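Working notes for the structure below.
Just so you know, all these numbers are worked out from the coordinates, no wet-lab data involved. It should be emphasised that the depicted structure is a prediction, and the values quoted were computed from it without experimental measurement. All Cβ positions, glycine included, derive from the backbone under ideal geometry; neighbour counts span all protein chains shown.
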Amino acid sequence: MNIQEQVELLPYNTFKIRAKARYFTSIQSVEDFQSLLKNPIYKQQKSLILGGGSNILLTGNFDGLVIKVDIKGIEIIAEDDASVTIKTGAGEAWHALVLHCVAHDWGGIENLSLIPGTVGAAPMQNIGAYGVEVKEVIKNVEAIDLTSGHVKVFTKPECSFDYRESVFKQKLRGKYFISSVTLTLTKKNHRFNTTYGAIEATLKQQNTHPLSVRAISDAVITIRQQKLPDPQVIGNAGSFFKNPTITQPHYEKLKSTYPEMPSYPTVNQQVKVPAAWLIENCGWKGKTFENIGVHAQQALVIVNYGDGTGAKIWDLAQKILASVKEKFDVQLQPEVNVV
């Protein structure tokens with residue numbers, strides 16, 4: 001097991017934050033991780049498991065062991081005329097997996113194109129975009145107990161998926177290491193979702209006919225490239241905040257004052273309100289503060305224009321939270337993991 005010391009983490013986080021790990025290692029198999037569990041450094045240090053680094057904000061150096069997930073592989077484990085079930089290593093890039101599925105005309109995750117990060121982070125966050133969440137196609141999640149090293153396969157119900165949530169982010173946070181994810185995708189009779197956002201308009205603009213897995217993926221990629229900054233160019237972690245849900249009476253009260261406020265109905269008489277709209281209407285969109293700021297095209301995205309610190313970005317996020325709470329009495333929740 002190769003464990004390095006004082007490793008710069010800038011290449012491993014999409015916010016492009018300069019921070020160092022006291023110890024750093026890469027895991028390429030389940031056996032690697034089980035071996036690591038016996039290492040004295042692992043036993044003596046706090047640890048941070050890192051995938052693509054696309055959903056993390058480092059507010060300083062990490063005085064412990066950073067474990068980079070590099071478990072790769074895409075394997076078909078079951079297939080019939082209508083569907084295919086694939087097992088994917090946690091270290092595979094999520095968008096690369098989507099493109100692989102699109103190339104084979106497997107349906108179910110095309111709306112999740114161009115989401116940064118790794119496969120292992122997908123169930124932890126229950127990633128979602130344009131009307132689709134990854135929980136819809138997950139069959140099970142394989143994870144390793146951080147204490148015993150035993151491998152456990154979690155069924156979909158056992159993952160307790162919710163909006164940007166799972167059991168791995170809540171009850172079992174810090175107790176398991178996700179090693180692979182198994183998805184079941186359609187091979188025919190795809191159920192396309194084109195009603196969310198600008199997908200239909202983009203498909204029409206691209207003169208797409210007939211509708212296909214690839215066409216929707218291409219449309220989503222076009223939309224995301226137009227609205228969201230490329231982490232390779234401008235440091236960011238995508239959407240920094242979750243879209244909040246509020247009660248029906250609260251929504252009606254806000255709607256009477258702000259009739260143009262968009263909303264989406266959810267279960268249990270709750271209403272989902274776009275966090276981007278709330279943030280923009282607090283005047284944050286496009287604001288810059290030295291080398292950090294709020295993106296000019298998408299108010300949900302906080303950006304690092306160069307050499308911004310994680311501490312300053314977190315301070316900006318706190319100010320945004322406070323202003324939304326003060327103006328709308330809505331408490332936003334960060335989607336990004338702050339370390």
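Pairs of alpha-carbon atoms within less than 8 angstrom and 6+ residues apart define the contacts here; what relative contact order does the chain have, in percent?
17 percent
Could you work out the helix-only [θ] at 222 nm for the chain, with each DSSP H run of four or more residues adding -39,500 (n - 2.57) and the total divided by the number of residues, to the nearest 500 deg cm²/dmol?
Values: 9 runs with 84 residues, N = 339.
Rounded to the nearest 500, it is -7000 deg cm²/dmol.
Using the Cα centre of the range 235-338 as origin and beta-carbon charges of +1 (Lys, Arg) and -1 (Asp, Glu), tell me which of 273, 306, 241 is placed farthest towards the positive end of the dipole.
In the range 235-338, that residue is 273.
Only Cα pairs within less than 10 Å get springs; with that Gaussian network setup on the chain, which residue of 257, 155, 202 has the largest fluctuation?
257
Report the Cα-based extents of the chain along its three principal axes, largest first, to the nearest Å.
Ordered largest first, the chain gives principal extents of 60, 53, 38 Å.
Seen from all sides and averaged, what is the projected area of the convex hull of the Cα atoms in the range 4-69, in nm²?
Mean orientational projected area (the range 4-69, Cα hull): 4.1 nm².
Of 191, 22, 224, which has the largest mean-square fluctuation in a 10 Å C-alpha GNM of the chain?
Comparing 191, 22, 224 in a Gaussian network model of the chain, the most mobile one is 191.
Compute the length gained on full extension between residue 329 and residue 205: take 0.36 nm times their separation in residues and subtract their Cα-Cα distance, giving the result in nm to one decimal.
Once the chain is fully extended between residue 329 and residue 205, it gains 40.8 nm.
Mind putting a number on the dipole of the range 242-301 about its Cα centre? Charges go on the C-beta only, +1 for Lys and Arg and -1 for Asp and Glu, and I need it in Debye to the nearest 20.
Its charge dipole is roughly 100 debye.
Given Cβ point charges of +1 (Lys, Arg) and -1 (Asp, Glu) and nothing else, what value in debye, to the nearest 20, does the dipole of the range 4-69 about its Cα centre take?
In total the dipole reaches around 160 debye.
Starting from the 7 Å offset along Cα-to-Cβ, what nm value, one decimal, do you get for the label separation of residue 296 and residue 250?
Placing both labels 7 Å along Cα→Cβ, they lie 3.4 nm apart.
Once amide H atoms are built 1.01 Å from N in the peptide plane, which residues 5 or more positions from residue 178, or in another chain, come under 5 Å H to H?
It is 144, by chain and number.
Among 156/287; 139/319; 38/72, which pairs are too far apart, with a Cα-Cα distance over 30 Å? Intermediate results must be reported in sequence, preceding the final value.
Values: 156/287 41 Å; 139/319 40 Å; 38/72 23 Å.
Too far apart for the 30 Å limit: 156/287; 139/319.
Once the piece of chain linking residue 266 and residue 63 is laid out straight, how much longer is it, given 0.36 nm per residue of separation minus the C-alpha distance between them?
In short, 68.9 nm is gained.
In whole Hz, with x marking every Gly and Pro, tabulate ³J(HN,Hα) for the range 64-73 from phi via Karplus 6.51 cos²θ - 1.76 cosθ + 1.60, θ = phi - 60°.
x, 9, 8, 10, 8, 8, 10, 6, 10, x
Filter the DSSP H helices in the chain by two things, a Kyte-Doolittle mean of at least 0.0 and an axial alpha-carbon span of 20 angstrom or more, and list the hits by number.
Values: long enough: 213-227 (21 Å, 0.04); 310-328 (27 Å, 0.04).
Span-like helices in the chain: 213-227, 310-328.
Test of understanding: in a Gaussian network model of the chain with alpha carbons linked when under 10 Å, which of 107, 117, 174 would top the mean-square fluctuation ranking?
Most flexible of the set in this elastic network: 174.
Treating the beta-carbon of each Lys and Arg as +1 and of each Asp and Glu as -1, no other charges, what is the dipole magnitude of the range 105-225 about its Cα centre, to the nearest 20 debye?
Charge dipole of the range 105-225: 120 debye, to the nearest 20.
Please give the per residue volume of the convex hull enclosing the alpha carbon atoms of the range 74-227, rounded to a whole number of Å³.
107 Å³
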